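What follows is a short report on a single structure.
Read-outs throughout are calculated quantities, based only on the coordinates presented, and are distinct from any laboratory measurement. Nothing here was measured: the structure is a model prediction, and the numbers come from that model. Note that each Cβ is placed from the backbone with ideal geometry, even for glycine, and that neighbours are counted across all protein chains shown.
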Amino acid sequence: MKILLVEDDIFYQKFYSTKLAEKGFEIFVASDGEQGLQMIEEVKPNIILLDIIMPKKDGFEVLEALGKNGTLKTTPVLVFSSLGGEQDVQKALKLGAVGFVNKSFYDIDSLLTKISSIAQT
Amino acid sequence: MTDLFAFKNLYAKTAKENMQALKNGLVVLRGQSDNKEAIEQMYRNAHTLKSKSFLMGQQEIGDLAKVIEDALYNVKNKKSTLSQEMLETLTNKALQIEKLLTQI
């Protein structure tokens, strides 16, 4: 299964791509929202893990773009952020995200459960 | 915890980069307190530093970074203005973080 991690911070890129690769996922990384949109076209991931606070295009702008071009109909997006305010989560869900993971709290089992349940829908 | 320990050096390296970006931003804001680009960049760095510090169990650094993040969030969303007093507070918090990072 291909996962695209759209995340600007190198620490988080390496941390989560290592952890998910250890679990057998094929991981691709984009460093900002613009690159993320480009790589979605190239990689055709099964799931997108999307940070919110990023340079160039933030996660909300990426979700808007994916809603407009139809990607959200075929590719689930899990918001992957530490911006855990209820307002932000609701905004992301309204824009088409299927769920939210707080990346500040490392819980690989919980993350795998979410990925697995999303992949089956 | 062993899981996290393997990433300690990368955390320290990238946290120091976040700190350098914050310090550079503070220099810009001392000359131009309404520089939106500097405020936005500092906000992103404080947010990221807070987040990964909590993940790595560096609670004190995370708490200090959160103070900076919240202050900059309010400034960028025009809920408050960047006063001289606030700049001093942000500088003090940044210096505290910098000191803590040398102990990792």
- Calculated on alpha-carbon atoms, Rg and Dmax of the protein assembly as shown in Å: 17.7, 54
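Near B:Tyr11, within a Cβ-to-Cβ distance under 12 Å, what is the net charge of the other residues, with Lys and Arg +1 and Asp and Glu -1?
Numbers: positive: A:Lys14, B:Lys8, B:Lys13, B:Lys16, B:Lys52; negative: A:Asp9, B:Glu17.
Local net charge: +3.
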- Just how far, in whole angstrom, is region A:22-86 from region B:1-28 if you go by their alpha carbon centroids? 24 Å
- Message: Taking only the Cα atoms of chain A, how large is their convex hull per residue, in Å³?
- Response: 92 Å³
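Could you tell me what fraction of 2.2 N^0.38 Å the Cα radius of gyration of region B:1-101 comes to, as a two-decimal ratio? Walk me through the numbers on the way to the answer.
Values: Rg = 13.5 Å, N = 101, 2.2 N^0.38 = 12.7 Å.
Against the empirical 2.2 N^0.38 Å value, I get 1.06 for region B:1-101.
Could you give the size of the charge dipole of chain B about its Cα centre, using +1 on the Cβ of each K and R and -1 on the Cβ of each D and E, expressed in debye and rounded to the nearest 20?
The dipole of chain B has a size of about 140 debye.
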- Message: At 222 nm, what value in deg cm²/dmol follows for the protein assembly as shown if DSSP H runs of at least 4 each add -39500 (n - 2.57) and the sum is divided by all its residues, to the nearest 500?
- Response: -20000 deg cm²/dmol
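I need to check one value: relative contact order of region A:2-119, counting alpha carbon pairs closer than 8 Å and at least 6 residues apart, in percent. Don't skip to the end; give the middle numbers.
Details: 183 pairs, mean separation 26.7, N = 118.
Across region A:2-119, relative contact order equals 23 percent.
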- Between A:Val62, A:Val77, A:Val43, find the one with the highest GNM mean-square fluctuation for chain A; connect C-alpha pairs within less than 10 Å. A:Val43
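Where nothing but the Cβ of Lys and Arg (+1) and of Asp and Glu (-1) is charged, how large is the charge dipole of region A:2-119 around its Cα centre, in debye to the nearest 20? List each step's numbers first, then the result.
Details: 13 positive and 17 negative charges, 71 e Å.
So the dipole magnitude of region A:2-119 works out to roughly 340 debye.
What is the dipole size for region A:1-60, taken about its Cα centre, with +1 at each Lys and Arg Cβ and -1 at each Asp and Glu Cβ, in debye to the nearest 20? Please report the intermediate quantities before stating the final value.
On the way: 7 positive and 11 negative charges, 47 e Å.
Roughly 220 debye for region A:1-60.
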